[in-house]
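Structure record follows, encoded as structure tokens.
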Amino acid sequence: MRLTTALSLFLFSCFALIAAPPMPKQAPEISFTIPSQGQRRLSDYLGKVIAIEFIYTTCAPCVNATRTAQKLQSEFGAQGFQAIAVAFNPNAAVLVEDFVNSNHFTLPVGWTLGSDVASFLGYGPADRFVAPQFVLIDAAGLIRYQTPAQGDDGHRNRSMLREQILQVLHPTRASPKEAAPANR
């Protein structure tokens with residue numbers, strides 16, 4: 001029984017390593033439509049550190065993730081950071097404007113097709129993934145972080161997101177652990 005459990009855990013770990021996309025990798029282009037502003041492309045924001053939240057407008061965790069992205073935009077926007085939310089749920093084209101207005105979002109919130117999001121994230125038509133999905137892209141257009149298909153708790157932790165964004169915004173900055181002198 002223990003051998004079977006250990007073997008199962010080992011195989012699951014190997015599959016997870018194979019399934020996880022290598023980082024960093026070049027971010028593919030994706031287009032999305034922002035109500036009353038028209039179509040935008042990811043490349044329109046090149047030169048900035050970009051955080052994309054792929055969301056459902058009808059999903060409570062997605063609303064919270066977009067609120068966090070809004071706060072991070074306020075905090076880091078002047079440093080070359082751009083947060084974007086892109087809805088891909090059914091009827092997103094008609095739901096996004098009300099989603100933005102009812103939540104008072106000021107960051108760009110657009111919509112696109114679910115198949116475009118799956119392709120951007122590197123998933124095939126049969127792959128399942130949850131919303132929200134978070135992707136962090138550096139100023140050169142390289143994906144530095146992407147949530148796994150089934151999400152992760154770290155993505156919902158604002159302080160962890162802040163640290164990831166700071167590391168990408170200021171790659172030469174030492175982390176607090178590295179900067180602290182050793183106690184002897």
- Could you pull out the residue among Phe99, Phe120 that is more than 15 Å from the chain's Cα centre (by Cα) and surrounded by 21 or more Cβ atoms within 10 Å (Cβ to Cβ)? Phe99
- Message: Scan region 131-139 and tell me whether some residue there is surrounded by 15 or more Cβ atoms within 10 Å (Cβ to Cβ), hydrophobic (A, V, I, L, M, F, W, C) and farther than 20 Å from Glu29 by Cβ.
- Response: yes
- Note on the structure: Note on Gln82: of the conditions (1) touching a residue at least 40 places away in the same chain (Cβ under 8 Å); (2) part of a strand (DSSP E or B), unmet is (1)
- Is region 28-41 home to any residue that is surrounded by 20 or more Cβ atoms within 10 Å (Cβ to Cβ), under 13 Å from the mean Cα position of the chain (by Cα), within 19 Å of Pro132 (Cβ to Cβ) and not hydroxyl-bearing (Ser, Thr, Tyr)? no
- Item | In region 46-71, the residues that are within 15 Å of the chain's Cα centre (by Cα) and without any contact (Cβ under 8 Å) to a residue 40 or more places away in the chain | Arg67, Ala69, Gln70
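Any read-out appearing in this document is the output of simple, stated calculations on the displayed coordinates, not a laboratory observation. Because the structure is predicted, anything quoted here is derived from the model rather than measured. Here Cβ is always computed from backbone atoms with ideal geometry, including for glycine, and neighbour counts include all displayed protein chains.
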